[in-house]
Amino acid sequence: MGGEGGLIGGAGLGTLFNALYEVLGELIAKNLVFKPLLKNIRLDSLEPLLKDIEESNRKLDLPVVELENLKAHLEEGIELLRKCKKIRWWIVYKRYKYATKLIGWDKSLQRFLEILNVQGIRDVKDSTVSVKNIEKLVSRIESNMGIPKQTDSEAWCAVPELPPLVVGLDFPLKELKRKLLKDENVSMVVLTAPGGCGKTTLATKFCQDKDVKDTFKDNIFFVTVSKKPKLENIVQDLYQRKGFPAPTFQNEGSVVTWLQHFLREEGQNPLLIVLDDVWSGSESLLEKFDQFKTENFKFLVTSRSEFRGYGSPYHLQSLDHDNAMKLFHHSASLGDKSSHIPKDLPEKLSVARDFQYDVDTDIECIANLYELTKRSLANLVVTRKDKTEGDWYYSEHFVTQHDVLRELAIYNTKTGPVEHRERLIIDICGDKLPKWWREQKHQPMKARLLSITTDEGFSSKWHDMQMPEVEVLVLNFQTKNYALPNSVVNMDELKAVIVTNYGFLPAELSNFQLLSSLPNLKRIRLERISIPSITKNPIHLAGLKKISLFMCNIGQAFNNCAISISSAFPNLEEMNIDYCSDLIELPSEVCDLIKLKKLSVTNCHKLSALPEGIGNLENLEMLRLRSCTELSKLPTSMKYLGKVNFLDISDCFSIKVLPEDIGEMSSLRKINMRQCSRLQELPPSVMGLEQLKEVVCDEETKYLWEPFSSYLKNVRIIVAKENMNLNWLHKTRF
């Protein structure tokens, strides 16, 4: 074996064991994915066993070939562990792939030891490097695969990416390093400046500095706090950043206890926590962290406010004129020094803000968001690794905006009399409604977009509101129980409803049946909602075309409900189910949605079966079963899906075979079977896929299509590389 640390020739078993032990120890110490999982594996008892084998070789007259095979197997284990070191937490399929390889490697090791039959030296069954331990490892990996992906730059307290151009921060960075790395008396620095001065960028640059990374290694946590921080959410994110299951809390005291436990355990090595965008009035949050400080803890706080009594202040100065202009021209894409703004840019911004609620405008909306990103008016983050073109998958597109731009947009919505504003953005603290709302004299409002955000103190006691022209309703909340406002029954023009629960667990949602009275309602998106809570009462949404369920509790959604799903959504054309971790089997009632054109089920890691009746969806045009890692087979009735032109089973690495009659899917034009590593063969019927034009697969499964090349002459095979990017596609044509 060549390459890094290759072990060949006369290396003894003891030497190989030491190398194996060293790599395993480094993996446990540094890798965020495997650290909490590999602690179950101990190699201590294997070392004396291997030494005894080597020392007793002549006495037992063991076959040399067997010892050489054992050496080669230990080398293979070393290389396998080195590859595990490179795995990142968000690449779910690689975690599973290498966990499976570990199982196979360990089983082979047990067979080698049994063949050597070293009875009288030590019973191999006593070795704690057992398959059971690694099976526990895989079980824990699989249980953690239900943790949803969010943006790569912000999920689970990871350090964000730096913007393409950073200017004027070299001296402030030097000062921060002096304070936090060299001054033993400083454990917390509060970085203050007005909005837009670069506090977050400087904090990010600090975390990515080589000296900082060498000091804190994998113990750097970047927490975005914002206006209304919830300590329990922050603590849960910290645990998940290290690969541990998110703890549950009984009360505020238990939250503090879990935080103390986390800091005590992880603080055995140098630890850095960045608390970014802390608002005025959050002193109690800083106190929670500050009271547990030790010499190993360092905290960096960014805020527009200076928190006296907490940490050492550092005031970030504004950029000088030259650097400010350089950054302005870069951010505004004004390389030619032109200040021209396209005439249709405000319209595109308006279209994006209105969420493009028309049914057929998703692609246009994404195009507009890319345009806004180019103009630095928004940040579009795509977390998926395979950015293949033309598959209409936007569930992992996230849009962020700098708080200054966001506040400017909100400020612009407040111009003119409130009753004439087209967009109303309302932030409610507790049950304190805005004065104009409380004093409203039943005059109708002109708003077309209504966004209401409430906190954990809101009791769902709504005052009446007259808003007959509202077309988009956005509701954000944090409570365990939430009710739609009764006034929605008067919103006859309502086309889209978006309900987002910012709590950690799915919430109960009541009054959902009120939407049945709205004739123009076409789209609904629910996030972290208990779906059984909305099916307790009869629902009939005749106009609904699209429903999206994100991180919802859906497993028992249609059991004992007051109405069948086909009666509730008789004209539904698109259903998206994402990150619903309790979904084990897709409800058979879904097969009664005969007008359904698009069915997308992604990242539902417990989904193990599809209903056999799925063939009843005679109008289905797209079937996406992306990253459903427990799904082992597809129903035979899929052959009746004669209109499906796109099938996506990417990252469904438990699927071993395709339906025998898949060739009868006569309209199929594209298949994405990337990371279907257990797929061993294709049924002969694939040669009947006369409309097939494109197959996305891996190098390991490309060969499955080669026997059918003479029948599928116009099929383009796209071989997706790991960490696939558009520039890394290898395309061939039969």
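The values are calculated or read from the model by the stated rules, or taken from the named source; none is laboratory data. Please read these numbers as outputs of a predicted model, since none were measured by experiment. We place every Cβ from the backbone using ideal geometry, glycine too, and count neighbours over all the protein chains shown.
Among the residues that make up region 202-215, is at least one of them of a type in the set (Gly, Ala, Ser), over 21 Å from ALA158 (Cβ atoms), in contact with a helix residue (DSSP H, G or I) (Cβ under 9 Å, 6 or more places away or on another chain) and touching a residue at least 60 places away in the same chain (Cβ under 8 Å)? If you could, list the steps in order and put the result at the bottom.
Kept after step one, since they are of a type in the set (Gly, Ala, Ser), are these residues of region 202-215: 203.
If we keep only those that are over 21 Å from ALA158 (Cβ atoms) as well, we get none.
No, there is no match, as no residue in region 202-215 is of a type in the set (Gly, Ala, Ser), over 21 Å from ALA158 (Cβ atoms), in contact with a helix residue (DSSP H, G or I) (Cβ under 9 Å, 6 or more places away or on another chain) and touching a residue at least 60 places away in the same chain (Cβ under 8 Å).
Among the candidates GLU694, GLU700, single out the residue that is without any contact (Cβ under 8 Å) to a residue 40 or more places away in the chain, assigned by TED's automatic domain parsing to the domain that holds ARG716 and loosely packed, with under 15 Cβ neighbours inside 10 Å. It would help to see each step written out before you state the result.
Details: GLU694 fails: loosely packed, with under 15 Cβ neighbours inside 10 Å.
Just one listed residue meets the conditions, GLU700.
For (1) at pLDDT below 95; (2) in contact with a Ser or Thr (Cβ under 8 Å, 6 or more places away or on another chain), each residue gets a yes or a no:
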residue	(1), (2)
GLY503	yes, yes
PRO506	yes, yes
LEU521	no, no
GLU527	yes, yes
SER533	yes, yes
ILE539	yes, yes
LEU544	no, no
GLY555	yes, no
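Looking at THR192, THR224, which one is β-branched (Val, Ile, Thr), touching a His at 6+ places or on another chain (Cβ under 8 Å) and within 14 Å of LEU300 (Cα to Cα)? Lay out the reasoning, then the answer.
Working: THR224 fails: touching a His at 6+ places or on another chain (Cβ under 8 Å).
None of the other options fit; the residue is THR192.
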Could you check how many residues of region 154-201 are in contact with a helix residue (DSSP H, G or I) (Cβ under 9 Å, 6 or more places away or on another chain) and among the basic types (Lys, Arg)? 1
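Is there a residue being polar (S, T, N, Q), in a helix (DSSP H, G or I) and at pLDDT 65 or above anywhere in region 318-328? Break it down stepwise before answering.
Of all residues in region 318-328, those polar (S, T, N, Q) come to 318, 323.
Subsequent filtering for residues that are in a helix (DSSP H, G or I) retains 323.
Of the ones still in play, those that are also at pLDDT 65 or above are 323.
Yes, some residue in region 318-328 is polar (S, T, N, Q), in a helix (DSSP H, G or I) and at pLDDT 65 or above.
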Would you please name the residue that is surrounded by the fewest Cβ atoms within 10 Å (Cβ to Cβ), looking only at residues in region 650-675 that are in contact with a strand residue (DSSP E or B) (Cβ under 7 Å, 6 or more places away or on another chain) and not charged (D, E, K, R)? MET673
Test GLY642 against the criterion of being out of contact with any strand residue (DSSP E or B) (no Cβ under 9 Å at 6 or more places or on another chain) and not in a loop (DSSP other than H, G, I, E, B), and give yes or no. no
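Report yes if some residue within region 640-657 is assigned by TED's automatic domain parsing to the domain that holds LEU689 and touching a Gly at 6+ places or on another chain (Cβ under 7 Å); otherwise report no. Walk me through how you get there before you give the answer.
Going residue by residue through region 640-657, those that are assigned by TED's automatic domain parsing to the domain that holds LEU689 are 640-657.
Next cut, touching a Gly at 6+ places or on another chain (Cβ under 7 Å) only: 640-641.
Yes - at least one qualifying residue is present in region 640-657.
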Looking at (1) of a type in the set (A, V, I, L, M, F, W, C); (2) part of a helix (DSSP H, G or I); (3) modelled with pLDDT of 80 or more, can you tell me which one VAL189 breaks? (2)
Report whether or not ASP592 is assigned by TED's automatic domain parsing to the domain that holds VAL715, surrounded by fewer than 22 Cβ atoms within 10 Å (Cβ to Cβ) and under 30 Å from GLN513 (Cα atoms). yes
In region 361-411, residue nearest to the chain's Cα centre (by Cα) [restricted to those that are modelled with pLDDT under 70 and of a type in the set (S, T, N, Q)]: THR383
Failed criterion for LEU514 (all others in (1) assigned to a loop (DSSP other than H, G, I, E, B); (2) more than 19 Å from GLU456 (Cα to Cα) hold): (1)
State the number of residues belonging to region 225-277 that are assigned to a helix (DSSP H, G or I), buried (at least 19 other Cβ atoms within 10 Å of the Cβ) and basic (Lys, Arg). 1
Can you pull out every residue in region 658-681 that is modelled with pLDDT of 90 or more, assigned to a loop (DSSP other than H, G, I, E, B) and within 22 Å of GLU612 (Cβ to Cβ)? LEU658, PRO659, GLU660, ASP661, MET665, SER666, SER667, LEU668, MET673
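Give the residue that is modelled with the lowest pLDDT, with candidates limited to residues of region 454-465 that are touching a helix residue (DSSP H, G or I) at 6+ places or on another chain (Cβ under 9 Å) and surrounded by 15 or more Cβ atoms within 10 Å (Cβ to Cβ).
Checking each candidate, the answer is MET465.
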Exactly one of (1) modelled with pLDDT of 85 or more; (2) closer than 16 Å to MET188 by Cα; (3) touching a strand residue (DSSP E or B) at 6+ places or on another chain (Cβ under 7 Å) is unmet by ILE234. Its number? (2)
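Filter region 525-549 down to residues that are part of a strand (DSSP E or B) and out of contact with any Phe, Trp or Tyr (no Cβ under 8 Å at 6 or more places or on another chain) and give me whichever is nearest to PHE569 (Cα to Cα). Can you show your working first?
First, pick out the residues of region 525-549 that are part of a strand (DSSP E or B): 525-527, 529-530, 546-549.
Still in the list and also out of contact with any Phe, Trp or Tyr (no Cβ under 8 Å at 6 or more places or on another chain): 529-530, 546, 548-549.
Details: ILE529: 18, SER530: 18, LYS546: 9, SER548: 13, LEU549: 14 Å.
Top of the filtered list is LYS546.
Per-residue answers, yes or no, for (1) in contact (Cβ under 8 Å) with a residue 60 or more places away in the chain; (2) buried (at least 19 other Cβ atoms within 10 Å of the Cβ):
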position: GLU508; (1), (2): no, no
position: LEU518; (1), (2): no, yes
position: LYS522; (1), (2): yes, yes
position: SER530; (1), (2): no, yes
position: SER533; (1), (2): no, no
position: LYS536; (1), (2): no, no
position: ALA542; (1), (2): no, no
position: LYS545; (1), (2): yes, yes
Please give the strands (runs of 3 or more DSSP E) falling wholly within region 682-734 in which 3 or more residues are in contact with a strand residue (DSSP E or B) (Cβ under 7 Å, 6 or more places away or on another chain) and either closer than 18 Å to ILE649 by Cβ or modelled with pLDDT of 90 or more (or both). 694-697, 716-719
